[in-house]
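**Student:** My structure is below; once you've seen it, I'll send some questions.
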Amino acid sequence: MADTKVYRASTTAPVNIAVVKYWGKRDTKLNLPTNSSLSVTLSQADLRTLTTASCSAAFAHGDTLTLNGEPSDVAGPRTQACFRELRARRAALEAADPSLPKLSSMALSIVSENNFPTAAGLASSAAGFAAFVQAIANLYELPDSPSQLSIIARQGSGSACRSLFGGYVAWRAGDKQDGSDSMADLVAPASHWPNMRALILVASAAKKGVSSTAGMQQTVATSGLFQHRVASVPASMVAMEQAIKQRDFAVFAEVTMRESNSFHACCADTYPPIFYMNDVSRAAIRAVEAINAAAGKTVAAYTFDAGPNCVVYYLDEDAAAILGAFSAVLGGVTGWKYGSAGTVSSVKL
Ligand code: 2P0
């Protein structure tokens, strides 16, 4: 009798915010980066993607993807690469054990939802592709480790490889041409630094003008400063990993802020220049500088990705100073979204 069963598995994946930035590819097809990067994962209670993968011989359609209730194209090379790699791994299991159901030859239906507004301009492709890959890996009962799965998620979106883990995650650039050593690993779990917090300042909910994929290749092609940056990232990685291991907030903060500045300087040095930050972003930097000056030590660190929204890292014991200062400086002008790294705490927006 034909197998008409629907096989199903679900998973969630977190949003990650880089403190050592990925910007630049040495291979655009495989999403191989010019430098290693490191991120802090935000609490899934605040920001996450939930994805369900199902497959059945009875599905009367090809592979489908639904994102936040809307049908989404699966024909793109990145999505196809993920499907292909995951199916190949399942097919190998089926070849080794003929009693397994032949899931690799069935159409897949993927349904994905974010618990945060995609329009907020927060990194959604990272959580999205990570959840996509993990959900299918769960469905296929693949034995692959998160690092091995990160090699597949990387081909969907580079930063997605860092969302296969929680906590503090490094993406090692690797040097092989086939990308087999360009993968993520866990530097420390969130519980290692339980008082770490992240405040997310939504400076603009507008969609960004220049996509990361296009922007970073313009930078690689035209920025002289970028070569200097690539040479300096290995030292930043070492300093950042050591700061995390030692829970040294001052060093963590300085490397985070210098890295953000370096990335945005390379954007400005791109020809024509790319500007992701706006006046509210720059006001947030001034606010962090004022907070640190008033404290007489570094208690807050800003970072910006390919958009104007600011993430401020701080420790829970400094929450009153940080949240108070931000609402005083920016409260009337902006919207707020609060997330946390490590354990969850929340503030009324
Ligand atoms: C990061 N960003 O490390 C950096 C900092 C943005 C600024 O990773 O082309 O969306 O899909 O590999 O992963 C954004 O790049 O680019 C990014 P693709 P992706 O988080």
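**Student:** Considering only DSSP beta bridges where both residues belong to the chain, give the percentage that are antiparallel (nearest 5).
**Tutor:** Taking every DSSP beta bridge with both residues in the chain, the antiparallel ones total about 95 percent.
**Student:** Sequence gap at least 6, Cα distance under 8 Å: using those rules, report the relative contact order of the chain to the nearest whole percent.
**Tutor:** Details: 722 pairs, mean separation 73.6, N = 349.
21 percent.
**Student:** Mind jotting down the three principal axis lengths of the chain based on Cα atoms? Whole angstrom, largest first.
**Tutor:** Principal axes ranked by extent give 74, 44, 37 Å for the Cα atoms.
**Student:** Placing unit charges on C-beta atoms (Lys and Arg positive, Asp and Glu negative, everything else neutral), compute the dipole magnitude of the chain about its Cα centre in debye, rounded to 20.
**Tutor:** Numbers: 29 positive and 27 negative charges, 58 e Å.
Using only the charged Cβ atoms, the result is roughly 280 debye.
**Student:** Quick one: what are the phi-derived ³J(HN,Hα) couplings along the range 47-60, Karplus 6.51/-1.76/1.60 with θ = phi - 60°, whole Hz, x for glycine and proline?
**Tutor:** 3J(HN,Hα) across the range 47-60, in whole Hz: 9, 7, 10, 10, 10, 10, 10, 9, 8, 7, 5, 7, 5, 9.
**Student:** Something else now. Ignoring ligands, DNA and RNA, please state the percent of accessible area on the chain from carbon and sulfur, probe 1.4 Å. Show your work: numbers first, answer last.
**Tutor:** Details: 8340 of 14680 Å².
The C+S portion of the solvent-accessible surface of the chain is 57 percent.
**Student:** Shifting gears a bit: Which one, Asn31, Ser104, Asn16, projects farthest toward the positive side of the charge dipole computed for the range 1-127 from Cβ point charges (K/R +1, D/E -1)?
**Tutor:** Asn31
**Student:** Let me ask you something else. Can you pull the percent of Cα pairs in the range 64-161 with separation above 16 Å?
**Tutor:** Values: 2662 of 4753 pairs.
The proportion of pairs with Cα distances above 16 Å equals 56 percent.
**Student:** What number in nm² do you get for the range 1-82 if you take the convex hull of its Cα atoms and divide its surface by four? Before the final figure, lay out each step's value.
**Tutor:** On the way: hull surface 31.1 nm².
Averaging across all directions leaves 7.8 nm² for the Cα convex hull.
**Student:** Do the alpha carbons of any pairs in Lys245/Lys297; Lys5/Lys29; Lys25/Lys297 sit beyond 29 Å of each other, and which pairs?
**Tutor:** Details: Lys245/Lys297 20 Å; Lys5/Lys29 36 Å; Lys25/Lys297 36 Å.
Too far apart for the 29 Å limit: Lys5/Lys29; Lys25/Lys297.
**Student:** What ranking, highest mean first, results for peptides 42-52, 128-138, 76-86 when packing means the other Cβ atoms within 10 Å averaged over each residue?
**Tutor:** Details: 42-52: 22.0, 128-138: 27.4, 76-86: 16.9.
The packing order, highest mean first, is 128-138, 42-52, 76-86.
**Student:** Shifting gears a bit: Note down the magnitude of the dipole of the range 1-146 about its Cα centre, charges +1 on Lys and Arg C-beta and -1 on Asp and Glu C-beta and zero elsewhere, to the nearest 20 debye. Write down the numbers at each step before the final one.
**Tutor:** Numbers: 13 positive and 12 negative charges, 72 e Å.
For the range 1-146, the charge dipole is close to 340 debye.
**Student:** In the chain, which whole DSSP H runs stretch at least 18 Å along their own axis (Cα) and average 0.5 or higher on the Kyte-Doolittle scale? Write out the running numbers ahead of the final one.
**Tutor:** On the way: long enough: 77-96 (28 Å, -0.58); 124-139 (22 Å, 1.24); 225-245 (30 Å, 0.45); 249-269 (29 Å, 0.33); 279-295 (24 Å, 0.57).
The answer, listed by residue number, is 124-139, 279-295.
**Student:** Rounded to the nearest 20 Debye, what is the dipole magnitude of the range 176-260 about its Cα centre when Lys and Arg each give +1 and Asp and Glu each give -1 at the C-beta? Let's see the in-between values first.
**Tutor:** Working: 8 positive and 7 negative charges, 64 e Å.
Around 300 debye, computed over the range 176-260.
The values are calculated or read from the model by the stated rules, or taken from the named source; none is laboratory data. Source: prediction; values computed, not measured. For neighbour counting, all protein chains shown are included, and Cβ atoms are generated from backbone atoms with ideal geometry for every residue, glycine included. Remember, those area values only see protein heavy atoms, side chains included, never the ligands or the DNA or RNA. Shrake-Rupley method; radii C 1.70, N 1.55, O 1.52, S 1.80 Å.
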